[in-house]
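Colleague: Provided herewith is a single structure, encoded as structure tokens, for subsequent inquiry.
Just so you know, all these numbers are worked out from the coordinates, no wet-lab data involved. Predicted model, so just to flag it, every value in this text is computed and none were measured. Note that each Cβ is placed from the backbone with ideal geometry, even for glycine, and that neighbours are counted across all protein chains shown.
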Amino acid sequence: MPVTQDRIQKLKSFGLTDYQARAYLALLDLGAAAGSQIPAHSRVPRTRVYETMQQLHEKGLVQILPEKPVRYKPVPFGNYLRALAEDHRRTAQQLSVNAAALAREFSVSPQGSPEERGRFEALYGRRNVRDRLVEMYGHAETEVIAIGSVHSPARILHGLGQELEERAASGVRVRLAFYTNTNNEAEVRALSRNAEIRHIDFFTPVDRYGVDGRQFLMCHPIPDDDSPFRGEDIAIWTDDPAIATAMEQMAERIWEIGTRVAPKPRQGGDAGKGRRVTPLAGP
């Protein structure tokens, strides 16, 4: 029986590889043969013949004759087909029995759409960071929170003060926390007109900004100084819902453990009269 491409393709449709199909067709022609005889008839490389014959034996298509040298004898293809059909029947029966349970286990999620995933961006330069914060604050609907260093009040007041004032006027809750002392007292007092401010008694090397639990920005100010626009800052921004919410919750915990800073009374008014207030920390 010639080893033709058409016959090889037919055998491959029943689960045989190219080498397995070639070796089996050659063995049908030879009847029984040693492994050394098969390459010339099948064009299977000598280095792959014995491995291929072992694979055919495992499939039930070849019988190994315990002779010296070992010889191989083909098993009728009909035997292989009957065994294959029986395997398919058992698989079909098992699927039929387990179909309902499998359908429940691997059912489509009822939420109808995949969980929302957000974006991440790296920002370089203080002006670019400030511009992104302006954009974030423009979308604030319920709350803004920021945690910073001793120099953050000046950067926020002079770079973002107008935006925070507008957000506060529209009903957005603004919460800020810094290490406060006499060096940033003026800026802290000015910010307190539109924000709830807390003093934190530890150094933080990064600034954290959250908006509505929907956007979060973490920034390393370089240098950590009072300038609102000049700096080689590096920041990471995200609107990924899970991460933004988690980071804002961490910022809230920092804010909550801080000490309340007294708000600056509005000029001509008596706001805060009779209230207990906490002074700024010393230098």
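Colleague: When the chain is fully extended, how far beyond the present Cα-Cα distance does Arg230 get from Ile243, taking 0.36 nm per residue of separation?
Modeller: Details: separation 13, 0.36 × 13 = 4.68 nm, distance 2.88 nm.
Extra length from Arg230 to Ile243 when fully extended: 1.8 nm.
Colleague: Further question: Where nothing but the Cβ of Lys and Arg (+1) and of Asp and Glu (-1) is charged, how large is the charge dipole of region 31-97 around its Cα centre, in debye to the nearest 20?
Modeller: Working: 10 positive and 5 negative charges, 33 e Å.
My answer is approximately 160 debye.
Colleague: Apply 1/(1 + (r/R0)^6) to the Cβ-Cβ distance of His139 and Arg193, taking R0 = 30 Å, and write down the FRET efficiency to the nearest 0.05.
Modeller: For His139 and Arg193, the calculated efficiency is 0.85.
Colleague: Picking from Thr142, Ala33, Ala101, whose Cα lies most toward the positive end of the charge dipole for the chain (charges on Cβ: Lys, Arg +1; Asp, Glu -1)?
Modeller: Of the options given, the answer is Ala33.
Colleague: Residue by residue through region 148-154, what is 3J(HN,Hα) from phi via Karplus (6.51 cos²θ - 1.76 cosθ + 1.60, θ = phi - 60°)? Round to whole Hz and write x for glycine and proline.
Modeller: Calculated HN-Hα couplings, in order: x, 9, 5, 8, 4, x, 5 Hz.
Colleague: Let me ask you something else. Of the trypsin sites (Lys or Arg not before Pro) in region 18-78, which ones lie in a loop per DSSP and count no more than 13 other C-beta atoms within 10 Å? Don't jump to the answer; show the numbers that get you there.
Modeller: Values: sites: Arg22, Arg43, Arg46, Arg48, Lys59, Arg71; in loops: Arg43.
Within region 18-78, the qualifying trypsin sites (Lys or Arg not before Pro) (loop, at most 13 other Cβ atoms within 10 Å) are Arg43.
Colleague: What full-extension length gain, to one decimal in nm, is calculated for Asp18 and Arg117 as 0.36 nm per residue of separation minus the Cα-Cα distance?
Modeller: Values: separation 99, 0.36 × 99 = 35.64 nm, distance 4.49 nm.
Length difference between fully extended and current span is 31.1 nm.
Colleague: Would you list Ser149, Ser36 from fewest to most Cβ contacts within 10 Å?
Modeller: Details: Ser149 19, Ser36 11.
So the ranking, lowest neighbour count to highest, is Ser36, Ser149.
Colleague: Which whole-number percentage describes the relative contact order of region 108-228, with Cα contacts under 8 Å and a sequence gap of 6 or more?
Modeller: Details: 174 pairs, mean separation 38.4, N = 121.
Relative contact order here is 32 percent.
Colleague: Taking 0.36 nm per residue of sequence separation and subtracting the Cα-Cα distance, how much length would be gained by fully extending the chain between Ser170 and Arg104, in nm to one decimal? Please report the intermediate quantities before stating the final value.
Modeller: Details: separation 66, 0.36 × 66 = 23.76 nm, distance 4.91 nm.
Here the segment from Ser170 to Arg104 would lengthen by 18.9 nm.
Colleague: Sticking with the crude label model, points 7 Å out along Cα→Cβ, report the distance from Asn128 to Ile254 in nm, one decimal please.
Modeller: With each label point 7 Å from Cα toward Cβ, the separation is 2.2 nm.
Colleague: How would Leu84, Leu61 line up from fewest to most surrounding beta-carbon atoms within 10 angstrom?
Modeller: Numbers: Leu84 14, Leu61 25.
Ranked by crowding around the Cβ, least crowded first: Leu84, Leu61.
Colleague: Can you run phi through the Karplus equation (6.51, -1.76, 1.60; θ = phi - 60°) for region 209-220 and list ³J(HN,Hα) in whole Hz, with x for Gly and Pro?
Modeller: 9, x, 9, 6, x, 10, 9, 9, 10, 10, 10, 9
Colleague: Taking loop as defined by DSSP and a crowding limit of 14 other beta carbons within 10 Å, which GluC sites (Glu not before Pro) in region 1-94 fit? Before the final figure, lay out each step's value.
Modeller: Numbers: sites: Glu51, Glu58, Glu67, Glu86; in loops: Glu67.
For GluC sites (Glu not before Pro) across region 1-94 that sit outside H, G, I, E and B with at most 14 neighbouring Cβ atoms in 10 Å, the list reads Glu67.
Colleague: What dipole magnitude, in Debye to the nearest 20, does the chain give about its Cα centre under +1 on Lys/Arg Cβ and -1 on Asp/Glu Cβ? If you can, show how the numbers build up before the last one.
Modeller: On the way: 38 positive and 36 negative charges, 262 e Å.
So the magnitude is around 1260 debye.
Colleague: Counting other beta carbons within 10 Å of each residue's own, what order do Thr238, Thr52 fall into, fewest first?
Modeller: Result, fewest neighbours first: Thr238, Thr52.
Colleague: Something else: Can you give the FRET efficiency to the nearest 0.05 for Leu95 and Ile64, using r as the Cβ-Cβ distance and R₀ = 30 Å?
Modeller: 0.30
Colleague: In addition: For every helix of n ≥ 4 consecutive DSSP H residues, a contribution of -39,500 (n - 2.57) applies; sum these over the chain, divide by its total residues, and give [θ] at 222 nm rounded to the nearest 500 deg cm²/dmol.
Modeller: On the way: 9 runs with 124 residues, N = 283.
Estimated from H runs of four or more residues: -14000 deg cm²/dmol.
Colleague: Computed over the Cα atoms of region 5-78, what is the convex hull's projected area averaged over all directions, in nm²?
Modeller: Values: hull surface 17.7 nm².
Value for region 5-78: 4.4 nm².
Colleague: In nanometres, what is the gap between the two model label sites at Gln9 and His220, each 7 Å from Cα along Cα-to-Cβ?
Modeller: 6.1 nm
Colleague: Still on this structure, I have one more. What's the longest piece of the chain with no exposed chymotrypsin sites (Phe, Trp or Tyr not before Pro), counting a site as exposed if DSSP puts it in a loop and it has at most 14 other beta carbons within 10 Å? Mind dumping the intermediate values first?
Modeller: Values: sites that count: Phe14, Phe106, Phe202, Phe203, Phe229.
With a cap of 14 other Cβ atoms within 10 Å, the longest stretch comes to 107-201.
Colleague: What number, in percent, do you get for the relative contact order of the chain if the mean sequence gap of Cα pairs under 8 Å and at least 6 apart is divided by its residue count? Mind showing how you got there, number by number?
Modeller: Values: 456 pairs, mean separation 45.9, N = 283.
Reported relative contact order: 16 percent.
Colleague: Give me, ordered by chain and number, the residues 5 or more places off Leu65 or on other chains with an amide H under 5 Å from its own placed amide H.
Modeller: Correct list: Arg71, Tyr72, Lys73.
Colleague: Still on this model: Give the label of the value calculated from the structure for Kirkwood radius over Cα pairs in Å, choosing from [x] 19.6; [y] 25.4; [z] 21.8.
Modeller: Among [x] 19.6; [y] 25.4; [z] 21.8, the one derived from this structure is [y].
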